[in-house]
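Right, one structure below, let's go through it.
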Amino acid sequence: MSSFPRVASLKSASAFRERLHQLNLNLPCDDEILPEPDSPMAQPLAVDGIVIGNRWVIHPMEGWDAEADGRPSDLVRRRWRNFALSGAKWLWGGEAMAVVPDGRANPNQLVIHQATEDDLKRLAEETLEIHRREFGSVDDFLLGFQLTHSGRFCRPFDKKRLEPRILYHHPILDRKFGLPEDYPLMSDDEIKSLIDRFAAAARIAERCGARFVDVKHCHGYLGHEFLGAHTRTGPYGGSFENRTRFLREVTAAIRAATASMAVGVRLSAFDFVAYKADPEQSTPKKLGPGVPEDPQGVTVMVLGDAERFLEMCRSIDIRIINISAGSPYYNPHIQRPALFPPSDGYQPPEDPLVGCARQIQAAAELKRKFPDLILVGTAYSYLQEYLPHVAQAVVREGMIDAVGLGRMVLAYPTLPKDTLGTGMMNHKALCRTFSDCTTGPRNGLVSGCYPLDPFYRTLPDYKLLQQIKAK
């Protein structure tokens, strides 16, 4: 394991700020958690015609646990029930829903098409009803669906077999994931057909009760890959205009197909070169720290393309953007900072607090330049004890409009409710970024918080996970 100090070892907010100072990180952190109505996190936020009740957002969290035909399973419903009980007033997508079966990232991903519509509608209705019973109303609750195609990372029929759909040949990623030089590219006609599927999915989402759809552009999946398609020829590659054509055409198709569906985007606002475990410091029992696959590749944050992208979003009236970075498949330390790597990862090459601060500062810089857009922030889970202290500080200072929670919700779903209600947290429930929720699906198991959620320790997958980690 790395030698970076654990967040839990920092026994006060002042000690946490001192660690930030040692790392030369400019990240605000309050001394105490403020309950409502005093907390900045309790402030309402106007988003696309609805005033949501607070500034907490639940990110899309997949479990690799839907039914094989793309319908919600009991595990999916359990996760969404926790989302509804969390106290957050903005559910950003629930989890990624593939718009076509062969666009799934795993064989147990939700699929949004005619055959699953009734089940997805029940899932949405149950989520809203649970929230209504717990909090009295859903008038201030915003529910969206995340629409996706997994592109380069499709595993639609076998959890262990990639069946990529790529837009261009990437010199590092093709080699990293074993694609030959003549591997076929997705054709322009296939892309146009896929645009129709996104529009059809948005129509279903509207009938299910979602207020917006997220056209996913992050984490290495198809939407994100369009943005990097510099070497692709034709209308969907090369120039910035061509690389963003897919989103413009999808958005236009969605608006033509629906009555009032808003469109948002979850965006990897910056990316780094792919990383790998340093072979010189790795052993059969221990991964080495991450090093770039290409020492000449980009390893610093650059936001120029993200700024152009947000300008384009503004021009087509996309007003809600969820800011993320990188990809869990090839540089997870910038996307989901963690002290403990997943089984296919590497030891952190930097204190994970650096990764948190990098994403928070990126979102703050974009918010400063686009004050009229509603931006949701990412990469807060590793802050652990000081997550709400930082969240309320950055919202107060206008660095972000709302703070999203991902892994933390798997471990501690009611963190928003508890902190807003009492100004207190259950420290024993905090996600410690053991990465079991990633190691599980990387090895064909369902995703969940095996260390802290007792339910997951009752599943057969728990014993299998322990065997995998013991190797």
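The values are calculated or read from the model by the stated rules, or taken from the named source; none is laboratory data. In this text the structure is predicted, and so the values were computed from the model without any measurement. All Cβ positions, glycine included, derive from the backbone under ideal geometry; neighbour counts span all protein chains shown.
For Asp30, work out the one condition from (1) surrounded by 11 or more Cβ atoms within 10 Å (Cβ to Cβ); (2) modelled with pLDDT of 95 or more; (3) farther than 22 Å from Cys431 by Cα it doesn't fulfil.
Asp30 satisfies every listed condition except (3).
For Leu27, state whether it is touching a Leu at 6+ places or on another chain (Cβ under 6 Å), among the aliphatic types (A, V, I, L, M) and part of a loop (DSSP other than H, G, I, E, B).
So Leu27 fits the description; yes.
Please count how many residues of segment 259-285 are over 30 Å from Ser343 (Cα atoms) and in a strand (DSSP E or B).
Count: 3.
Does Glu397 meet the test of being more than 19 Å from the chain's Cα centre (by Cα) and farther than 22 Å from Ala46 by Cβ?
Judged against the criteria, Glu397 is not a match.
Across segment 434-471, what is the total count of residues that are among the acidic types (Asp, Glu) and either at pLDDT below 95 or under 22 Å from Ala105 (Cα atoms) (or both)?
Total satisfying the criteria: 2.
Every residue, every condition in (1) part of a loop (DSSP other than H, G, I, E, B); (2) in contact with a helix residue (DSSP H, G or I) (Cβ under 8 Å, 6 or more places away or on another chain); (3) assigned by TED's automatic domain parsing to the domain that holds Val100; (4) under 19 Å from Gly136 (Cα atoms), yes or no:
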| site | (1), (2), (3), (4) |
| --- | --- |
| Ala46 | no, no, yes, no |
| Val51 | no, no, yes, yes |
| Met61 | yes, yes, yes, no |
| Trp64 | yes, yes, yes, no |
| Glu67 | yes, no, yes, no |
| Arg71 | yes, yes, yes, no |
| Val76 | no, yes, yes, no |
| Trp80 | no, yes, yes, yes |
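Tell me which of these Asp158 doesn't satisfy, since it passes every other one: (1) touching a Cys at 6+ places or on another chain (Cβ under 7 Å); (2) in a loop (DSSP other than H, G, I, E, B); (3) more than 30 Å from Val291 (Cβ to Cβ).
(1) is the only condition that Asp158 fails.
Go through the residues of segment 248-258 one by one and say whether even a single one is in contact with a Gly (Cβ under 8 Å, 6 or more places away or on another chain), assigned to a loop (DSSP other than H, G, I, E, B), touching a residue at least 40 places away in the same chain (Cβ under 8 Å) and in the same structural domain as Thr148 (by TED's automatic domain parsing).
no
Report every pair of residues separated by at least 6 positions or lying on different chains whose Cβ atoms are under 6 Å apart, first residue within segment 302-331 and within 21 Å of Leu91 (Cα to Cα), second part of a helix (DSSP H, G or I).
Ile323/Ala363; Ala325/Ile334; Ala325/Gln335; Ala325/Gln359
Among the listed residues Thr299, Thr244, which satisfies the condition of being touching a residue at least 40 places away in the same chain (Cβ under 8 Å), surrounded by 15 or more Cβ atoms within 10 Å (Cβ to Cβ) and among the polar types (S, T, N, Q)?
Details: Thr299 fails: touching a residue at least 40 places away in the same chain (Cβ under 8 Å).
Only one candidate qualifies: Thr244.
Starting from residues that are in contact with a Ser or Thr (Cβ under 9 Å, 6 or more places away or on another chain) and part of a helix (DSSP H, G or I), keep the ones in segment 425-455 and report whichever is nearest to Gln384 (Cα to Cα).
Among them, the one singled out is Ala429.
Give the residue, chosen from Leu420, Leu405, that is in contact (Cβ under 8 Å) with a residue 24 or more places away in the chain, under 20 Å from Ile334 (Cβ atoms), in the same structural domain as Cys218 (by TED's automatic domain parsing) and crowded, with 22+ Cβ neighbours inside 10 Å.
That would be Leu405, the only listed residue that is in contact (Cβ under 8 Å) with a residue 24 or more places away in the chain, under 20 Å from Ile334 (Cβ atoms), in the same structural domain as Cys218 (by TED's automatic domain parsing) and crowded, with 22+ Cβ neighbours inside 10 Å.
Report, ordered by the first and then the second residue, all pairs with beta carbons closer than 6 Å, sequence separation of six or more or different chains, a first member in segment 195-208 that is at pLDDT 95 or above, and a second member that is among the aromatic types (Phe, Trp, Tyr) and not in a helix (DSSP H, G or I).
From segment 195-208, the pairs are Ala205/Phe145.
Could you say which residue among Arg81, Arg71 is over 18 Å from Thr438 (Cα atoms), basic (Lys, Arg), within 19 Å of the chain's Cα centre (by Cα) and surrounded by fewer than 24 Cβ atoms within 10 Å (Cβ to Cβ)? Reasoning before the result, please.
Working: Arg71 fails: within 19 Å of the chain's Cα centre (by Cα).
Only one candidate qualifies: Arg81.
How about segment 30-48: which of its residues are in contact (Cβ under 8 Å) with a residue 60 or more places away in the chain and under 26 Å from Arg266 (Cβ atoms)?
Passing the criteria: Ser39, Pro40, Met41, Ala42, Gln43, Pro44, Leu45, Val47, Asp48.
When you check Ala363 against the structure, is it buried (at least 22 other Cβ atoms within 10 Å of the Cβ), under 15 Å from the mean Cα position of the chain (by Cα), not in a helix (DSSP H, G or I) and not β-branched (Val, Ile, Thr), yes or no?
no
Suppose we keep only residues that are modelled with pLDDT of 95 or more and surrounded by fewer than 19 Cβ atoms within 10 Å (Cβ to Cβ) within segment 259-275. Which one would you say is nearest to Cys218 (Cα to Cα)?
It comes out as Val273.
Collect the residues in segment 286-324 that are closer than 17 Å to Glu350 by Cβ, touching a helix residue (DSSP H, G or I) at 6+ places or on another chain (Cβ under 9 Å) and not in a loop (DSSP other than H, G, I, E, B), keeping them in residue-number order.
Gly290
Just one of (1) surrounded by 16 or more Cβ atoms within 10 Å (Cβ to Cβ); (2) under 30 Å from Gly151 (Cα atoms) trips up Ile50, so point out which.
The failed condition is (2).
Taking the condition hydrophobic (A, V, I, L, M, F, W, C), surrounded by fewer than 22 Cβ atoms within 10 Å (Cβ to Cβ) and touching an Asp or Glu at 6+ places or on another chain (Cβ under 9 Å), does Phe455 pass? Step through it out loud before you land on a result.
Details: hydrophobic (A, V, I, L, M, F, W, C): yes; surrounded by fewer than 22 Cβ atoms within 10 Å (Cβ to Cβ): yes; touching an Asp or Glu at 6+ places or on another chain (Cβ under 9 Å): no.
In short, no.
Tally time: how many residues in segment 408-448 are within 16 Å of the chain's Cα centre (by Cα) and more than 21 Å from Val76 (Cβ to Cβ)?
Matching residues across segment 408-448 total 2.
Pairs only if they're at least six apart or on different chains, beta carbon under 6 angstrom, first in segment 214-225 and under 22 Å from Asp317 (Cβ atoms), second part of a loop (DSSP other than H, G, I, E, B) and modelled with pLDDT under 95; list them, first residue then second.
Asp214/Gly93
Among the residues of segment 222-241, is there at least one that is of a type in the set (Gly, Ala, Ser) and closer than 22 Å to Ile374 by Cα? Can you show your working first?
So the first thing to find is which residues in segment 222-241 are of a type in the set (Gly, Ala, Ser), and the list is 223, 228-229, 234, 237-239.
When the remaining residues are screened for being closer than 22 Å to Ile374 by Cα, the result is 223.
Yes, some residue in segment 222-241 is of a type in the set (Gly, Ala, Ser) and closer than 22 Å to Ile374 by Cα.
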